[in-house]
Amino acid sequence: MTLVVADYPRKRVGKVAEINGMSSADGPWISVREAFDLTGLKSGVLLRWEEEGLISVVQDAERSQRRYLKPELEIVAKLGTGGPPTLRSLRHYLKSRPGGASEGGLAASQIEAGIQQKDAPEPGGSEGAMFVATLANLLRGQRLSPEAVGECRIRVTKDAGSRGVAIECRRRASDGDRWWFSWGGGVWLCEADNPTEAVVQMKAALRTIGAPS
């Protein structure tokens with residue numbers, strides 16, 4: 001697995017915008033808070049969807065605020081039924097739209113595979129790997145050093161020579177087979193669609209274990 005850190009400044013148009021004929025000029029671009037008010041989606045979910053190329057994002061620097069394309073999110077918000085939209089409903093929408101399987105976007109087979117992966121009780125790995133990649137990018141933004149030690153597992157250290165912690169992503173049977181982060185020893189950490197909570201707990205753990213004696 002390759003852990004990718006985006007170059008800055010960056011502006012990327014997502015698949016939802018593309019298939020609706022939108023461009024980066026079709027603003028306004030709104031803050032994470034405004035995006036949550038509009039869609040009900042938490043920052044961790046928005047981050048994951050932007051990194052998958054599903055929604056558009058603008059960010060001037062690594063630590064600056066992300067902004068999202070409002071007309072695109074208005075479309076996304078309508079996909080929710082009785083709550084925020086889900087990844088499955090978004091992928092189904094993309095698959096059903098003309099151009100949803102166009103070259104350079106998500107192929108229909110890829111979308112279908114993603115839906116099947118979400119429903120499968122066994123951890124196939126690919127969706128878990130995306131959660132891990134999102135978490136790794138957040139950790140890098142906090143000046144931590146994640147290292148891939150498996151498709152759905154990373155080891156995180158604070159700096160060279162310091163002790164690290166291992167985190168993995170796997171499905172939790174007691175929570176409807178949803179993806180969760182867990183410590184390397186198998187203790188559940190938090191839901192995988194809430195990577196910001198994982199970052200907070202990992203930073204606290206790294207402060208606790210400190211440097212080797």
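Observations
- Residue within the stretch 21-39 that is modelled with pLDDT under 85 and in contact with a Phe, Trp or Tyr (Cβ under 7 Å, 6 or more places away or on another chain) present: no
- The stretch 19-41, residues that are part of a loop (DSSP other than H, G, I, E, B) and crowded, with 16+ Cβ neighbours inside 10 Å: Met22, Asp26, Leu41
- All of (1) in contact with a helix residue (DSSP H, G or I) (Cβ under 9 Å, 6 or more places away or on another chain); (2) surrounded by fewer than 21 Cβ atoms within 10 Å (Cβ to Cβ); (3) part of a helix (DSSP H, G or I) hold for Arg91 with one exception: (2).
- Enumeration of residues in the stretch 59-86 that are surrounded by fewer than 20 Cβ atoms within 10 Å (Cβ to Cβ), touching a Pro at 6+ places or on another chain (Cβ under 8 Å) and not in a loop (DSSP other than H, G, I, E, B): Gln59, Lys70, Ala77
- Among residues of the stretch 42-57, those that are within 22 Å of Ser23 (Cα to Cα), of a type outside the set (Asp, Glu) and open to solvent by less than 10 Å² (accessible area, probe 1.4 Å), counted: 7
- Check on Leu46, assigned to a loop (DSSP other than H, G, I, E, B) and under 30 Å from Arg155 (Cα atoms): no
- The stretch 155-193, subset on the phi > 0 side of the Ramachandran plot and of a type in the set (Gly, Ala, Ser), residue least open to solvent (accessible area, probe 1.4 Å): Gly186
- Residue check, Lys15 farther than 25 Å from Ala198 by Cβ, modelled with pLDDT under 90 and crowded, with 19+ Cβ neighbours inside 10 Å: yes
The values are calculated or read from the model by the stated rules, or taken from the named source; none is laboratory data. These numbers were taken from a predicted model, which means no experiment stands behind them. Reconstructed Cβ throughout: ideal geometry from the backbone, glycine too, with neighbour counts over all protein chains shown. With ligands, DNA and RNA removed, areas are computed over all heavy atoms of the protein, side chains included. Shrake-Rupley method; radii C 1.70, N 1.55, O 1.52, S 1.80 Å.
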